[in-house]
Amino acid sequence: MPQLRTKGREMLRCRRCGSVFPEGKATRDGWRYECPEDGCDATGLGEALIPIDD
Ligand SMILES: [Zn+2]
């Protein structure tokens with residue numbers, strides 16, 4: 001049972017709690033994004049969750 005999809009390997013950072021996680025961990029359907037951290041309800045790609053360019 002994979003926890004991460006093979007697509008969506010871009011890293012995102014949560015502006016609310018500061019955690020960093022792969023894009024695939026923050027969305028199930030590629031449309032609605034939310035922070036995977038427990039107790040953090042930040043949502044929205046490009047809003048609370050911002051892509052990290054490296
Ligand atoms: Zn968060």
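A simple spin-label model places the labels of D29 and R9 2.7 nm from each other, with each point 7 Å out along Cα-to-Cβ. One decimal place: the segment F21-I50 gains 9.4 nm when fully extended, by the rule 0.36 nm per residue minus the C-alpha distance. Taking amide H as placed 1.01 Å from N in the peptide plane, Y33 has its amide H under 5 Å from the amide H of G44, L45, each at least 5 places away in sequence or on another chain.
Every number in this text was worked out from the coordinates using simple rules, so none of it is lab data. What you are looking at is a predicted structure, and each value in this text was computed from that prediction instead of being measured. We place every Cβ from the backbone using ideal geometry, glycine too, and count neighbours over all the protein chains shown.
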